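The values are calculated or read from the model by the stated rules, or taken from the named source; none is laboratory data. The shown structure was predicted, so the numbers you read here are calculated from the model rather than taken from an experiment. Ideal geometry is used to build each Cβ from the backbone, glycine not excepted, and the neighbour counts take in all protein chains shown. To get the accessible areas, we keep the full protein, side chains included, count just its heavy atoms, and leave off ligands, DNA and RNA. Shrake-Rupley method; radii C 1.70, N 1.55, O 1.52, S 1.80 Å.
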Amino acid sequence: MSIVYRILFSSALLVAAFNLRAQTPAGMAMIPEGNYLPLYAGNNRTSVAPFYIDKHPVTNGEFLKFLESEPGWKKSAVKRLFADEGYLKHWVSDGMYRSAEKNSPVVNISWFAAKKYCECQGKRLPTTAEWERVAEAGWTVADGSREPGFNEWILAMASKPAPRSLPAVGTTKANYYGVWDMHGLVWEWTLDFNSIMSTGESRAATGSGDGLFCAGGSATSGDVSNYAAFLRYALRSSLKAGHVLQNLGFRCAADKK
Amino acid sequence: MKKISRYFILLLAVTALSCSQKKQEAPSCCSTKQHESPEPLPAVSGESLFLLDSKWETYRNDTLKFEDLAGKPVVAAMIFTNCPSACPRIVADMKILEEGLTTAEREQVRFLLISMDPKRDNPEQMQKFASDHRLNPDWIMIRSDRMATLEMANVLGVRINPLDDGGFDHSNTIHILNKTGEIAYQQHGLALEPTELLKQIRTLIN
């Protein structure tokens with residue numbers, strides 16, 4: 001009898017161990033519960049629930065695979081409602097990228113296409129809060145602003161002109177969470193990029209956009225040294241979901257259950 | 001001991017099997033979609049909102065897809081019912097527009113309110129808003145889930161910023177869709193004369 005119990009017990013343990021190991025999906029990093037400092041929030045850090053995020057931006061090669069099962073998102077087939085004319089314009093044909101760019105991040109991609117891609121992987125786009133939380137991390141510490149040289153490195157990356165052909169993903173530097181290319185490769189879509197108001201519209205006086213674009217001064221912004229964050233927020237505020245840019249890609253995230 | 005190891009092997013096999021099954025299920029979002037044949041109506045262009053396959057719930061507890069709006073131009077706005085000032089204003093602007101139409105014209109136009117607050121705007125709440133604002137019974141008011149709402153906002157170019165108090169900062173835009181669901185005109189801002197909107201609607205119904 002006791003053997004049966006022992007077997008039951010050990011099988012439960014085994015299953016538990018298996019599940020634990022299987023928790024972080026392949027190619028993703030687990031970001032524990034924590035907080036980040038939004039650009040416009042003074043010193044009020046915003047808490048972010050734990051989640052998973054892709055270690056790399058989605059590549060041309062990966063996107064091509066997606067098109068095999070979703071031909072409606074090919075360059076020739078995509079509906080104008082969901083992507084502007086320049087959609088995948090760096091690809092040499094309807095169904096092929098330049099071979100050297102197989103592992104480069106896919107760009108010239110609309111928000112709609114990025115959202116659909118992630119949904120088909122059983123994932124979703126990261127929220128702006130989640131993305132920024134990961135982007136705050138330095139190489140060896142969770143708060144990159146405390147890491148000597150980190151901010152300077154980001155700035156140097158941000159001011160570097162985009163090369164004609166984008167390098168492969170995973171060639172910049174991995175951060176504290178093991179996530180690559182948050183800085184210095186491409187801009188990335190976020191799920192709620194459209195929450196940045198360039199003019200506080202319904203409640204002008206309290207609109208969170210005010211703190212962002214006060215030219216010259218930035219009284220309500222949390223970290224004025226974070227110039228790269230300014231650039232990201234400014235970009236997001238200017239984007240529409242159908243827009244495509246030659247240096248705008250994406251990666252996916254998932255809820256941590 | 002032999003027995004135990006046999007159990008373990010069996011267990012491992014079962015666990016491995018269940019995991020591999022899970023993996024197979026993951027990309028099904030793509031494959032099932034294709035079988036559903038979401039082929040749009042032939043007359044619909046690539047810019048039509050009728051391409052959206054999201055499902056919406058009306059304040060009358062019906063379901064609605066955007067293609068159901070075909071045949072008549074639509075005057076639409078995104079609002080939320082707990083909105084303190086801007087949304088009542090935008091609805092008032094839409095009513096002024098409605099009053100500017102002749103009875104014959106009015107019959108050829110739909111009025112649509114789309115909730116940006118799917119959590120709180122359940123059918124009862126929307127019904128209450130409709131009666132509080134004395135909306136004509138043929139006005140349509142709808143909500144969906146978060147993703148469909150976000151997609152709709154992005155299709156319409158409406159910016160929505162959730163606030164800590166449960167409300168939203170948002171663009172104030174009145175949208176006019178033509179009979180085939182394309183955005184024909186958008187008016188940004190509140191309390192404007194309805195002249196241009198009326199002109200736009202009249203070109204669409206005649």
Residues that are touching a Pro at 6+ places or on another chain (Cβ under 7 Å), at least 2 per element: which strands (runs of 3 or more DSSP E) completely within region B:161-206 meet that?
B:173-177
For B:E105, only one of the following conditions fails: (1) open to solvent by 10 Å² or more (accessible area, probe 1.4 Å); (2) modelled with pLDDT under 95. What is its number?
(2)
Can you tell me which residue within region B:127-147, out of those that are more than 13 Å from B:S115 (Cα to Cα) and not in a loop (DSSP other than H, G, I, E, B), is least open to solvent (accessible area, probe 1.4 Å)?
B:S131
Could you identify the single residue in A:P105, A:P50 that is buried (at least 23 other Cβ atoms within 10 Å of the Cβ) and either under 22 Å from the mean Cα position of the chain (by Cα) or hydroxyl-bearing (S, T, Y) (or both)?
A:P105
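Filter region A:35-55 down to the residues that are assigned to a loop (DSSP other than H, G, I, E, B), of a type outside the set (G, A, S) and over 13 Å from A:E132 (Cα atoms) and list them by number.
Within region A:35-55, A:N43, A:N44, A:P50, A:K55 qualify.
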Sort out which residues of region A:126-172 are of a type in the set (D, E, K, R), loosely packed, with under 15 Cβ neighbours inside 10 Å and over 21 Å from A:Q246 (Cβ atoms), and write them in order of number.
A:D143, A:R146, A:E152
For region B:138-170, name all the residues that are touching a residue at least 60 places away in the same chain (Cβ under 8 Å), among the small types (G, A, S) and facing another protein chain (nearest Cβ under 7 Å).
B:A153
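Mind checking which residues of region A:176-194 are within 14 Å of another protein chain (Cβ to nearest Cβ) and assigned to a loop (DSSP other than H, G, I, E, B)?
Passing the criteria: A:W189, A:T190, A:L191, A:D192.
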Could you run through region A:153-175 and say how many residues are more than 22 Å from A:K102 (Cα to Cα) and part of a loop (DSSP other than H, G, I, E, B)?
2
Say whether the condition of being in contact with an Asp or Glu (Cβ under 8 Å, 6 or more places away or on another chain) and under 20 Å from A:A254 (Cβ atoms) is met by at least one residue in region A:166-175.
yes
Within region A:64-107, the count of residues that are under 18 Å from B:D53 (Cβ atoms), in a loop (DSSP other than H, G, I, E, B) and not aliphatic (A, V, I, L, M) comes to 4
Report yes if B:E124 is of a type in the set (D, E), open to solvent by 50 Å² or more (accessible area, probe 1.4 Å) and either under 17 Å from B:E67 (Cα atoms) or not in a loop (DSSP other than H, G, I, E, B) (or both), otherwise no.
yes
Counting only residues that are open to solvent by 30 Å² or more (accessible area, probe 1.4 Å) and either among the small types (G, A, S) or over 14 Å from B:N136 (Cα atoms) (or both), how many does region B:70-95 have?
9
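Here is a yes/no grid of residues against (1) of a type outside the set (K, R); (2) open to solvent by 50 Å² or more (accessible area, probe 1.4 Å); (3) under 18 Å from A:K123 (Cβ atoms):
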position: A:T24; (1), (2), (3): yes, yes, yes
position: A:A29; (1), (2), (3): yes, no, yes
position: A:N44; (1), (2), (3): yes, yes, no
position: A:D54; (1), (2), (3): yes, no, yes
position: A:T59; (1), (2), (3): yes, no, yes
position: A:F66; (1), (2), (3): yes, no, yes
Kindly indicate whether B:L112 is closer than 20 Å to B:L204 by Cα, in contact (Cβ under 8 Å) with a residue 40 or more places away in the chain, touching a strand residue (DSSP E or B) at 6+ places or on another chain (Cβ under 6 Å) and open to solvent by less than 10 Å² (accessible area, probe 1.4 Å).
yes
Determine, yes or no, whether B:E98 is among the acidic types (D, E), more than 14 Å from chain A (Cβ to nearest Cβ) and open to solvent by less than 30 Å² (accessible area, probe 1.4 Å).
yes
